[in-house]
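Novice: Let me give you the structure first, and then I'll get to my questions.
The values are calculated or read from the model by the stated rules, or taken from the named source; none is laboratory data. Please read these numbers as outputs of a predicted model, since none were measured by experiment. Cβ atoms come from the backbone with ideal geometry, glycine included; neighbour counts cover every protein chain shown. Heavy atoms of the whole protein, side chains included, go into the accessibility calculation; ligands, DNA and RNA do not. Shrake-Rupley method; radii C 1.70, N 1.55, O 1.52, S 1.80 Å.
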Amino acid sequence: MPAQNPPARATNPVIPGFHPDPSICRVGDDYYLVCSSFEYFPGAPIFHSRDLVNWRQIGNVLDRPEQLPLTKAWASGGIYAPTLRHHDGRFWLIVTNCTEGGGNLIVTATDPAGPWSDPIPAPGVPGIDPDLAWDEDGTCWCTVAGVSQVRLDPSTGQTHGTPHKVWSGGPGAKAPEAPHLYRIRDYWYLLIAEGGTERGHGVSIARGQTPTGPFEPCPANPILTHRSTDHPVQNTGHGDLVQGPDGSWWMVFLGVRPGGGTPGWHVLGRETFLAPVTWEDGWPVVGEVTLDLPELPWPLSPTPAAERRDDFELSELGPAWMSLRDRPAELCTTEERPGWLTLRARGDSLDEPDAVFTGRRQQHLTCRARTLIDPEQGRGGLAVRLDEQHHYEIEASGTEVRVIARIGSLRTVVATRSVPAGPVVLALTVNPPEPQGPCTGPDVISLGIEAPDGTFTELASLDGRYLSTEVAGGFTGRVIGMYATAGTVHFDWFDYEPLDD
């Protein structure tokens, strides 16, 4: 068992970094939560908690190639907005694979840590953001972005009847999406996101006497939004409700933490936040969203010690590691050279959609990452990636190290340095810009090499705004990791640590 730290104060986000579209369910005293993963494999990371604050990743729902075909997924395509539910002794997950040949699918498990079943296609379910809810007689209703609904047999994926519109959200609000349907006391509640997943994002709710409506909108809609405010957490939306064992209610939802000057740039992606919920006149009221959460009605669990370093001593990578679109054993393995991660190139640069890249989400606004690479048989390095057109990397090949920047249609070698033949430590840091002003970006990414005595030699310092969603577009966040772009390269270890977060 890993060492545990004492209980810490409760802070938001409860799952930092690129963990958007949270969906949650409780079974007894245990909470489980899943997120979107887009073009990364494995997909749909799943977490466990006993207190809603301290979350531990216990696996990935879609961790086999036959569950998750992503080779044709575009950047920010792939796995969108899963819904996780527990019904009749089984966990159910429905999700959209937005890629060529994809669509909506259902998987089940008795143990949320897996294994999960092979996918059950649901071709009759239209659109994205599918939700599952069962009524008193066992009928399952699937509600999707739009917001339309259809009766569904989740064991077969067969729909019954024609999808019908049940609500369109608030007047004039765009993109009604992320529906979740619940039976709470005397009503069926339909919770949605609307306003788009950018600064206008929000959460609204309606209620009705039956799961199919008609639905009456809450007079206080949106019940959660930070649009047109200077709140440090923006883009709040895509919520899901859960009730604690003590009867209290909570909402998990996504948000971002913009930094820098105007208009503000978020670089970690959309993160998972938590807020308390109370009820007034039969409607949920979302409490204030704070970075320091108020005292919870139960003690915090001891926090598992953070796994900052991986020495690649296990036969499989841990659940936090993600690869681009797939992870064939012949291209990514810890068994070829024991105690090392071996990557074998497929694309010749990180500009290619089939590049061999394996990384972990950047989860802190300031951090440092390092790796020891042996490039004797190839070319590869350490990268900060947002997508194929937005990434910075420090790369080793033979006796040369170079820094590369790809920003939109521009690609350039920023710096080069000769180094002795053999393994070399590549490093990068992410820090606030100095000085700060209305035109400065959110952070600065410094890339360089590290001497055996720990001395860091910076080769380049690059503006972090160009690796942000506001510049690149899309739905993901930064991922920091290792890659190969020629031949075979070996990595002895990878280390990631927050600096001042």
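Novice: Can you confirm whether Leu191 is in the same structural domain as Phe38 (by the TED database), in a strand (DSSP E or B), farther than 23 Å from Gly269 by Cβ and touching a strand residue (DSSP E or B) at 6+ places or on another chain (Cβ under 6 Å)?
Specialist: No; evaluated as a whole, the condition is false for this residue.
Novice: Can you work out which of the residues in the range 328-381 that are assigned to a strand (DSSP E or B) and among the charged types (D, E, K, R) is nearest to Val424 (Cα to Cα)?
Specialist: Applying the filter and picking the extreme gives Asp374.
Novice: Being open to solvent by 20 Å² or more (accessible area, probe 1.4 Å), touching a Lys or Arg at 6+ places or on another chain (Cβ under 9 Å), under 30 Å from Cys439 (Cα atoms) and in the same structural domain as Ser36 (by the TED database) is true for just one of Arg257, Arg227. Which residue is that?
Specialist: Arg227
Novice: Taking Thr440, is it in a loop (DSSP other than H, G, I, E, B), open to solvent by 10 Å² or more (accessible area, probe 1.4 Å), β-branched (Val, Ile, Thr) and not assigned by the TED database to the domain that holds Cys35?
Specialist: Yes.
Novice: Is it fair to say Asp111 is open to solvent by 10 Å² or more (accessible area, probe 1.4 Å) and either closer than 30 Å to Pro299 by Cα or not in a strand (DSSP E or B) (or both)?
Specialist: yes
Novice: Give me the pairs, please: first residue somewhere in the range 235-250 and in contact (Cβ under 8 Å) with a residue 60 or more places away in the chain, second residue anywhere and of a type in the set (S, T, N, Q) and part of a strand (DSSP E or B), beta-carbon distance under 7 Å, and either six or more positions apart or on two chains.
Specialist: Asp240/Ser23
Novice: Now a separate question. Only one of Arg417, Arg478, Arg406 is surrounded by fewer than 23 Cβ atoms within 10 Å (Cβ to Cβ) and not assigned by the TED database to the domain that holds Gly77. Can you tell me which?
Specialist: Exactly one of Arg417, Arg478, Arg406 is surrounded by fewer than 23 Cβ atoms within 10 Å (Cβ to Cβ) and not assigned by the TED database to the domain that holds Gly77, namely Arg417.
Novice: Here is a list of conditions, (1) modelled with pLDDT of 95 or more; (2) of a type outside the set (S, T, N, Q); (3) surrounded by fewer than 24 Cβ atoms within 10 Å (Cβ to Cβ), and Arg9 meets all of them except one; can you say which number that is?
Specialist: Unmet condition: (1).
Novice: Looking at the range 245-276 only, could you name the residues that are under 24 Å from the mean Cα position of the chain (by Cα) and more than 30 Å from Gly474 (Cα to Cα)?
Specialist: Within the range 245-276, just Trp249 meets the criteria.
Novice: Would you check which residues across the range 354-377 are in contact with a Pro (Cβ under 7 Å, 6 or more places away or on another chain) and of a type outside the set (S, T, N, Q) and list them?
Specialist: Of everything in the range 354-377, those that are in contact with a Pro (Cβ under 7 Å, 6 or more places away or on another chain) and of a type outside the set (S, T, N, Q) turn out to be His364, Cys367, Leu372, Ile373, Asp374.
Novice: Under 6 Å by Cβ, and 6 or more places apart or on different chains, what pairs join a residue from the range 310-331 that is farther than 22 Å from Gly347 by Cα with one that is of a type in the set (Val, Ile, Thr) and assigned to a loop (DSSP other than H, G, I, E, B)?
Specialist: Close Cβ pairs (under 6 Å, with a partner that is of a type in the set (Val, Ile, Thr) and assigned to a loop (DSSP other than H, G, I, E, B)) amount to Phe312/Thr334.
Novice: Examine the range 452-474 for a residue that is part of a loop (DSSP other than H, G, I, E, B), in contact with a helix residue (DSSP H, G or I) (Cβ under 7 Å, 6 or more places away or on another chain) and more than 20 Å from Thr358 (Cα to Cα), and state whether such a residue exists.
Specialist: No: zero hits.
Novice: Taking Thr485, is it in a strand (DSSP E or B), β-branched (Val, Ile, Thr), under 20 Å from Ser349 (Cα atoms) and open to solvent by less than 40 Å² (accessible area, probe 1.4 Å)?
Specialist: yes
Novice: Related question: When you go through (1) open to solvent by less than 10 Å² (accessible area, probe 1.4 Å); (2) touching a strand residue (DSSP E or B) at 6+ places or on another chain (Cβ under 6 Å); (3) part of a loop (DSSP other than H, G, I, E, B) one by one for Tyr31, which number turns out not to apply?
Specialist: The failed condition is (3).
Novice: Can you tell me which of (1) closer than 25 Å to Pro13 by Cβ; (2) in contact with a strand residue (DSSP E or B) (Cβ under 9 Å, 6 or more places away or on another chain) is the one Thr333 doesn't meet?
Specialist: (1)
Novice: Moving to a separate point now. For the structure I just gave you, tell me whether Asn54 is in the same structural domain as Asn235 (by the TED database) and either surrounded by 24 or more Cβ atoms within 10 Å (Cβ to Cβ) or within 30 Å of His390 (Cα to Cα) (or both).
Specialist: no
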